[in-house]
């Protein structure tokens, strides 16, 4: 099975010698990340998922491919950018990686160009609805992740 898997999924070739992870608020204006990675709880994840699909005709703006924790935050998002699809990747389902993240937390990785479009869509999306306000109040009263508005 591994041989067959590797035929379809060749090893990841890093684009450079180092991969640098940095908080979004610490990026210099001239820095262009290839993706934004959220480590977050279900309510925030639901908002990110809906926003990622908000302006798409197809129903697959988010994928959940099988792979390691690293594959879900690095490899698959990189492949999405290279393919021109730039779909978001829901991840951190790898059982060997689960002990490294808090309970009830998954990852949601957004290619940076897609992230910029999602930000532009925020003011006209579901984020202005009473339904989202209810969900947002729930996680703001028990901080569990990055608020979406």
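Quick check on residue 28: is it modelled with pLDDT of 90 or more, surrounded by 16 or more Cβ atoms within 10 Å (Cβ to Cβ) and farther than 21 Å from residue 98 by Cβ? If you could, list the steps in order and put the result at the bottom.
Values: modelled with pLDDT of 90 or more: yes; surrounded by 16 or more Cβ atoms within 10 Å (Cβ to Cβ): no; farther than 21 Å from residue 98 by Cβ: yes.
Answer is no for this residue.
Here is a list of conditions, (1) out of contact with any helix residue (DSSP H, G or I) (no Cβ under 7 Å at 6 or more places or on another chain); (2) crowded, with 16+ Cβ neighbours inside 10 Å, and residue 64 meets all of them except one; can you say which number that is?
Unmet condition: (2).
Report, by residue number, each residue of the range 78-89 that is surrounded by fewer than 20 Cβ atoms within 10 Å (Cβ to Cβ) and touching a strand residue (DSSP E or B) at 6+ places or on another chain (Cβ under 6 Å).
If we filter the range 78-89 for residues that are surrounded by fewer than 20 Cβ atoms within 10 Å (Cβ to Cβ), which is where we start, we get 79, 81-86.
Once the filter is applied, which keeps residues that are surrounded by fewer than 20 Cβ atoms within 10 Å (Cβ to Cβ) and touching a strand residue (DSSP E or B) at 6+ places or on another chain (Cβ under 6 Å), the range 78-89 yields 81, 86.
Of all residues in the range 101-115 being under 22 Å from residue 139 (Cα atoms) and not in a strand (DSSP E or B), which is nearest to the chain's Cα centre (by Cα)?
Narrowing the range 101-115 to residues under 22 Å from residue 139 (Cα atoms): 101-110, 115.
Then drop every residue that is not not in a strand (DSSP E or B), which leaves 101-105, 115.
Numbers: 101: 15, 102: 17, 103: 18, 104: 16, 105: 12, 115: 9 Å.
My answer is 115.
Given the conditions (1) within 20 Å of residue 24 (Cα to Cα); (2) surrounded by fewer than 16 Cβ atoms within 10 Å (Cβ to Cβ), and given that residue 104 satisfies all but one, which numbered condition is not satisfied?
Against the list (1) within 20 Å of residue 24 (Cα to Cα); (2) surrounded by fewer than 16 Cβ atoms within 10 Å (Cβ to Cβ), residue 104 comes up short only on (1).
I need the full set of residues from the range 46-61 which are closer than 21 Å to residue 94 by Cα and surrounded by fewer than 20 Cβ atoms within 10 Å (Cβ to Cβ), in order please.
Answer for the range 46-61, where residues must be closer than 21 Å to residue 94 by Cα and surrounded by fewer than 20 Cβ atoms within 10 Å (Cβ to Cβ): 46, 49.
What single numbered condition from (1) surrounded by fewer than 16 Cβ atoms within 10 Å (Cβ to Cβ); (2) in contact with a helix residue (DSSP H, G or I) (Cβ under 9 Å, 6 or more places away or on another chain); (3) part of a helix (DSSP H, G or I) fails to hold for residue 118?
Failing condition for residue 118: (1).
The values are calculated or read from the model by the stated rules, or taken from the named source; none is laboratory data. Predicted model, so just to flag it, every value in this text is computed and none were measured. Neighbour counts run over all protein chains shown; Cβ positions are idealised from the backbone, glycine included.
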